[in-house]
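What follows is calculated from the coordinates using simple rules that are stated; it is not laboratory data. The shown structure was predicted, so the numbers you read here are calculated from the model rather than taken from an experiment. In this analysis, Cβ positions are derived from the backbone assuming ideal geometry, glycine residues included, and neighbour counts consider all displayed protein chains.
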Amino acid sequence: MKAFDVKKGNVVEYNNTVYQVRGIERSSPQGRGGNVKFRFTLYSVPGGNKFDLSLGGDDELKEVELSRRQATYSYKDGDAFVFLDDEDYTPYTLDADVVGDDAGYIVDELTGCYVQIIDDQPVALQLPASVAIEVVETPPELKGGTATKRPKPARLSTGLEIMVPEYIGNGERVLVSTLTGEFAGRAD
């Protein structure tokens with residue numbers, strides 16, 4: 001697959017090592033006729049070693065065949081996160097270094113997750129597009145202020161910190177985009 005087709009969460013092979021794509025930066029060169037460059041932040045699977053790779057948009061990366069199993073977050077075992085397969089309840093244990101920053105989106109009973117498996121080993125996690133998380137600490141709305149929508153910081157029950165609109169209060173559940181890490185609306 002071409003570099004410009006690669007998305008976050010894809011699993012690719014490079015130099016006989018399997019990696020999950022965790023970050024993608026695009027840089028367009030100055031001047032005409034320059035090729036777009038992509039800088040991928042890759043983590044080896046399994047192992048979680050970080051590797052930065054720069055490619056041109058037409059460069060090829062080999063996508064790895066893996067199985068994706070829909071699973072629900074069940075519990076934490078030490079530093080590891082345990083997900084249960086939605087069909088046959090197989091437990092998949094993912095270490096904290098595999099989950100990485102995604103830990104901030106994992107709430108009790110989180111559904112819609114996909115565990116990626118290579119050779120029967122759970123190697124990576126794909127989160128749903130957005131997750132509902134409770135706000136535990138945010139400054140109160142300023143009364144009598146102008147009607148501007150100033151965002152304010154909020155700390156969520158998972159430890160994640162995001163900016164939320166002024167009308168959001170403690171104890172409310174908000175939707176957070178797992179792609180951008182930004183406020184995506186009120187949760188029901």
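Return yes when R69 is part of a strand (DSSP E or B), crowded, with 17+ Cβ neighbours inside 10 Å and of a type outside the set (A, V, I, L, M, F, W, C) and no when it is not. For R69, the condition - part of a strand (DSSP E or B), crowded, with 17+ Cβ neighbours inside 10 Å and of a type outside the set (A, V, I, L, M, F, W, C) - is met.
Go through region 127-143 and report how many residues are out of contact with any Ser or Thr (no Cβ under 9 Å at 6 or more places or on another chain) and surrounded by 11 or more Cβ atoms within 10 Å (Cβ to Cβ). Walk me through how you get there before you give the answer.
Here is the first cut: in region 127-143, the ones out of contact with any Ser or Thr (no Cβ under 9 Å at 6 or more places or on another chain) are 132, 137-143.
Restricting the remaining residues to those that are surrounded by 11 or more Cβ atoms within 10 Å (Cβ to Cβ) gives 132, 137-139, 141-142.
The qualifying residues number 6.
Does region 87-94 contain at least one residue that is surrounded by 14 or more Cβ atoms within 10 Å (Cβ to Cβ), closer than 21 Å to T178 by Cα and not β-branched (V, I, T)? Yes - at least one qualifying residue is present in region 87-94.
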